Amino acid sequence: MKHFSPGWTLIRIYTFLVYVFMFAPIVVVIVLAFNPKQFGIFPMEGVSLRWFIKLAQNESIIEAFRNSLILGSLTAVFSTGIGILAALAFIRFEFPGKNTFNTILLSPIMIPEVVLGVALLLFLRFLQQPKSFVLLLIGHVVLTLPYVLLIVQARLVGIKKEYEEAAKTLGANAFQTFRDVTFPLLLPAILAGALFAFTISFDDITATLFWATAQNQTVPVKIFSMLRNSISPEINALGAVMILLTVTTPLLAGYLSRKFSKVRS
Amino acid sequence: MASGKKKPMVQFKGILKRFDKVVAVEKMDFDIEEGSLVTLLGPSGCGKTTLLRMVAGLEEPTEGDIFIKGKRVNDIPIHKRNLGMIFQNYALFPHKTIFDNVAFGLKYRDVSKDEITEKVTRALEMVRLPGVENRMPSQLSGGQQQRIAMARAIVIEPDVLLMDEPLSALDENLREAMRREVDNLQQILGVTTIFVTHDQREALSMSDKILVMKDGRKQQEGDPESVYNQPANHFVADFLGHSNFIAGEVVGVVDGHLNVRIETGDILLAENNGSFSKGDAVEMIVRAQRFDAFPKAEFEPVEGMNHFEGHIKDRSYMGGEVSYFIKLGADREIHIISMMRTRLYEIGEAVSVQVAPHHCYLIHRSES
Ligand SMILES: Nc1ncnc2c1ncn2[C@@H]1O[C@H](COP(=O)(O)OP(=O)(O)OP(=O)(O)O)[C@@H](O)[C@H]1O
Ligand SMILES: [Mg+2]
């Protein structure tokens with residue numbers, strides 16, 4: 001069926017414009033990253049990797065990258081670890097105050113990040129502790145845990161209790177049941193959760209601005225502070241790298257998990 | 001199969017299970033003999049699954065003890081009980097091959113690799129599905145998956161095989177075939193089996209012993225014949241088969257036989273199967289299949305048989321047999337199921353109905 005009515009035409013134009021507004025800035029950033037000149041003027045006079053090279057030589061940016069990667073990875077590890085355990089408790093067990101607990105763990109999604117950022121700082125003051133990497137990590141775990149929890153819980157609900165019960169009657173103890181049945185069935189959700197945690201941590205800025213010290217600035221914080229001085233084309237290069245990273249990580253994970261499941265079946 | 005001499009494999013002693021305020025199983029005492037197939041039969045929600053899960057260790061009894069092989073198992077965790085459980089929805093591990101599914105229980109036992117392969121192969125042969133080792137569960141049909149579930153349960157040589165409505169997800173024809181297969185396999189292996197069902201035909205055809213339950217309470221236990229022919233109460237008679245219940249009063253005791261006056265005023269003969277005496281309020285139970293109907297004009301009463309007259313109110317044709325509702329007197333109706341012999345009776349036709357006294361089973365009315 002083809003629609004040529006004015007209504008449909010308008011919808012098409014509208015949709016097209018939405019996409020343009022969404023993606024044009026990103027495209028511009030990527031294109032300008034290869035601009036040989038200091039100022040972004042179209043048409044560009046050739047293509048160069050100049051800003052990427054400059055980026056690679058910028059110690060403080062490399063440092064921020066390392067911070068972001070370490071922080072993201074650790075956040076993913078802790079968030080998924082806690083998320084799995086919490087999801088198991090919420091879905092597989094009954095205990096008093098279960099719903100309250102669940103709501104509390106999910107609440108960071110609903111609370112504005114600014115409030116969360118300030119709250120954690122105030123709490124730290126109350127404990128009379130200085131800001132540190134550990135604080136940043138705890139903050140990011142709190143931020144990302146709801147997502148991991150929601151993903152893992154949703155999957156766990158779908159895994160029938162009978163699988164675990166069958167495993168137990170066949171002689172597997174609680175740990176073996178988890179290792180041989182629950183975990184493998186949960187794996188896609190765990191990977192997705194970890195990925196979410198990593199990505200959210202990697203590009204969080206609002207809360208991180210409150211928590212980061214000069215020593216552990218992340219990439220977004222770094223970009224933010226660079227923007228305050230000038231709009232250097234280096235930022236375009238950095239943006240391009242970040243886009244590349246955030247787009248390829250999930251794709252890579254998806255590819256690997258598909259390959260992984262093929263090998264086994 | 002039931003020899004009565006064998007020692008009990010599973011024993012329930014005063015088992016009670018409460019979920020919050022719901023009592024799922026009420027003070028149950030019950031023994032299951034070694035090597036026998038026992039069905040737990042009853043309507044939905046009567047506590048069959050709960051009872052079975054307590055044997056497996058998947059639920060803890062609120063009160064009472066469970067013994068397996070004479071040993072109290074209340075505190076023994078599930079994975080050390082050596083039981084094979086078969087679930088209604090098969091519960092095959094979707095991420096494992098058929099081989100790994102069947103081999104699952106052997107991994108946690110002291111079995112060498114070669115032995116595992118051998119045992120798995122043998123188990124798959126027993127359930128008549130050799131050669132599917134490398135497939136995934138999703139690549140098998142429902143009936144095949146159920147067989148794999150069976151193979152997975154028997155390969156560990158369990159002390160007791162527990163099955164919770166294992167056939168109810170299958171279609172009618174397949175169910176019949178699988179029922180015979182389960183029965184066969186159970187006899188070959190001689191493994192004590194507890195089979196949960198709410199399908200009376202399944203229970204009657206497979207069991208050495210049936211435990212009829214209602215609202216968590218034991219109603220009757222016994223072999224299929226005695227449960228069917230000598231129901232302990234109204235519920236059992238009603239649940240198994242198609243029964244007619246006729247209220248009456250014992251008006252005379254004549255050596256071996258009882259004279260019972262029923263609601264319509266007719267006096268019927270019934271066999272004295274218990275302690276009944278004159279004046280007892282009774283309920284007469286007659287199976288729909290025990291009645292014979294004759295065209296009224298051709299009927300000749302036989303000495304010593306009960307008979308009434310009535311007319312056909314409703315009928316439904318069921319293939320080999322016909323189900324009739326016959327109106328007797330003003331407001332009494334009986335249900336009969338008779339084999340199609342010569343012709344169908346027409347609605348409104350006058351018929352004579354005959355039933356032998358030994359098919360008129362009495363229970364005390366207080367029991368009903
Ligand atoms: N986990 C539970 N929590 C609360 N109540 C339960 C639980 N499991 C069972 N019950 C209750 O216990 C009673 C017996 O349930 P059970 O599952 O044993 O019945 P069943 O005989 O197996 O029925 P069905 O034929 O429908 O499977 C029911 O009233 C049920 O609602
Ligand atoms: Mg049940």
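Excluding same-chain neighbours fewer than eight residues apart, the lysines reachable from B:Lys119 by a Cα-Cα span under 16 Å are B:Lys107.
Note: relative contact order over chain A, using C-alpha pairs below 8 Å and six or more positions apart, is 30 percent. Entry note, chain B: the mean residue ellipticity at 222 nm calculated from DSSP H runs of n ≥ 4, each adding -39500 (n - 2.57), is -6500 deg cm²/dmol after division by the residues and rounding to the nearest 500.
Between the Cα long axis of helix B:113-126 and the first principal axis of chain B there is an angle of about 20°, rounded to the nearest 10. Among the listed pairs B:Lys80/B:Lys218; B:Lys27/B:Lys48; B:Lys7/B:Lys214; B:Lys13/B:Lys218, give every one whose C-alpha distance is greater than 19 Å. The answer is B:Lys80/B:Lys218; B:Lys7/B:Lys214.
Charge tally for A:Gln57 (other residues, Cβ to Cβ under 12 Å; Lys, Arg +1; Asp, Glu -1): 0. Here the contact order of the stretch A:130-191, divided by its residue count and restricted to Cα pairs under 8 Å and six or more residues apart, works out to 39 percent. Dipole orientation for the stretch B:242-367: of the candidates B:Val260, B:Ala356, B:Phe294, B:Phe294 has the Cα lying most toward the positive pole (charges on Cβ; Lys, Arg +1; Asp, Glu -1). DSSP finds beta bridges in the protein assembly as shown, and of those with both partners inside it, around 80 percent are antiparallel. A simple spin-label model places pseudo-atoms 7 Å from Cα toward Cβ; at A:Ile104 and A:Ser257 they are separated by 3.0 nm.
Note on A:170-178: average number of Cβ atoms from other chains within 10 Å of each residue's Cβ is 6.
When only alpha carbons are used to place a centre, the stretch B:112-147 and the stretch A:100-130 end up 53 Å from one another. Taking Cα centre as origin and charging only the Cβ of basic (Lys, Arg, +1) and acidic (Asp, Glu, -1) residues, the dipole magnitude of the stretch A:59-264 rounds to 420 debye.
Taking the DSSP beta bridges with both ends in the stretch B:8-238, the antiparallel portion is around 55 percent. Of all lysines in the structure, the ones whose alpha carbon falls short of 21 Å from that of A:Lys54, not counting any fewer than 8 places away in one chain, are A:Lys37, A:Lys222. For chain B, the normalised intensity computed at q = 0.08, 0.11, 0.12, 0.13 Å⁻¹ comes to -0.52, -0.86, -0.95, -1.04 (log10 of I(q)/I(0), Debye sum over alpha carbons, equal scatterers, no solvent).
Remark on the stretch A:1-59: ratio of C-alpha radius of gyration to 2.2 N^0.38 Å is 1.78. With the radius of gyration and the Kirkwood radius both derived from the Cα set of chain A, what is their ratio Rg to Rh? Checking Rg against Rh, the ratio lands at 1.06. B:Asp280 sits among other residues whose Cβ lies under 9 Å from its own Cβ, and their net charge, with Lys and Arg +1 and Asp and Glu -1, is +1. The charge dipole of the protein assembly as shown, taken about its Cα centre with unit charges on the Cβ of Lys, Arg, Asp and Glu (plus for the first two, minus for the last two), comes to roughly 3340 debye.
With a Förster radius of 45 Å applied to the beta-carbon distance between B:Leu344 and A:Ser73, the computed FRET efficiency rounds to 0.05. Footprinting exposure proxy ranking of A:Met110, B:Met9, B:Met163, fewest other C-beta atoms within 10 angstrom first, gives A:Met110, B:Met9, B:Met163. Axis angle, to the nearest 10 degrees, between helix B:98-107 and the longest C-alpha principal axis of chain B: 80 degrees.
Qualifying chymotrypsin sites (Phe, Trp or Tyr not before Pro) in the stretch A:75-170, where qualification requires a DSSP coil assignment and no more than 16 other C-beta atoms within 10 Å, comprise A:Phe93. Centre-to-centre separation between the Cα atoms of the stretch B:47-106 and those of the stretch A:32-77: 59 Å. Charged neighbours of A:Met242, selected by a Cβ distance under 15 Å, balance to -1 (K, R count +1; D, E count -1).
Bridgeable lysines around B:Lys327 (alpha carbons under 28 Å apart, same-chain partners fewer than 8 residues away excluded): B:Lys296, B:Lys313. Distance between the pseudo-spin-label points of A:Ile205 and B:Phe294 (7 Å out from Cα toward the beta carbon): 10.0 nm. Its Cα centre serving as origin, chain B has a Cβ charge dipole (Lys and Arg +1, Asp and Glu -1) of approximately 1260 debye.
When each of the peptides A:197-209, B:107-119, A:229-241 is scored by how many other beta carbons lie within 10 Å of its residues on average, the order from highest to lowest is A:197-209, A:229-241, B:107-119.
Residue by residue along A:182-195, Cβ atoms of other protein chains within 10 Å of the local Cβ number 1 on average. Against chain A, whose longest principal axis comes from its Cα atoms, helix A:59-92 is set at around 30 degrees.
FYI, it's all coordinate maths here, none of it is from the lab. Keep in mind it's a predicted model, so treat the numbers as computed, not measured. Methodologically, a virtual Cβ is constructed for each residue, glycine included, from the backbone with ideal geometry; neighbour enumeration extends over all protein chains shown.
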